[in-house]
Amino acid sequence: MKANHLLLTLSASFFLFTGCRDKTVWIEDSPFITVTSPTQNQAMEDNDSIRVEALIQPKSAPIVSYHIVMMGEEKEVILNYKTICDCKDKSTVAIDTAFTYDIKKTSNVLLHVSAELEDRTHIRDETRFKLVDTKK
């Protein structure tokens, strides 16, 4: 009897705890993020500046932070850039940043631009492009 009562109490506590917790929602390939540079499947030389330009325009809640991650073919992180912003009064956040990255061979690269919204929704867009080694 005590075991059943304890089990019932633990089960109720678990459901109460998990039911009250805010849930994080991920939206992949979000229509609220538009990456204008680099473009999908664009080939860029590794001696050029890689310019990342994007617009984040969520409809549901203000942006808390945004994150830019670039990964190579082996899933190695080339760039990891997170910005926490106070964007509550902005309907659009424009990202415009540039960097250089020297590679040893021509590689396919994956760019993730993501944002966390005030309502704990995470939106993300991804772009694939190619970095071409110029020192063959």
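The values are calculated or read from the model by the stated rules, or taken from the named source; none is laboratory data. Just so it is clear, the model here is predicted, and its values are computed rather than measured. Methodologically, a virtual Cβ is constructed for each residue, glycine included, from the backbone with ideal geometry; neighbour enumeration extends over all protein chains shown. Just the protein is used for accessible areas: all its heavy atoms, side chains included, with ligands, DNA and RNA removed. Shrake-Rupley method; radii C 1.70, N 1.55, O 1.52, S 1.80 Å.
Remarks
- Taking 7 Å steps out from each Cα toward its Cβ at residue 40 and residue 90 produces label points 2.7 nm apart.
- Cα-based Kirkwood hydrodynamic radius, segment 80-136, one decimal, Å: 14.2 Å
- The portion of the accessible surface of segment 30-90 made up by carbon and sulfur, rounded to a whole percent, is 47 (1.4 Å probe; DNA, RNA and ligands excluded).
- Rg and Dmax over the alpha-carbon atoms of segment 24-136 stand at 14.6, 49 Å.
- Using a Förster distance of 22 Å, the FRET efficiency for residue 55-residue 118 (Cβ separation, nearest 0.05): 0.75
- Förster radius 25 Å - calculated FRET efficiency between residue 110 and residue 135 (Cβ-Cβ, nearest 0.05): 0.65
- According to the calculation over all Cα-Cα pairs in segment 32-91, the P(r) per 5 Å bin from zero is 4, 13, 21, 26, 16, 11, 8, 2 %.
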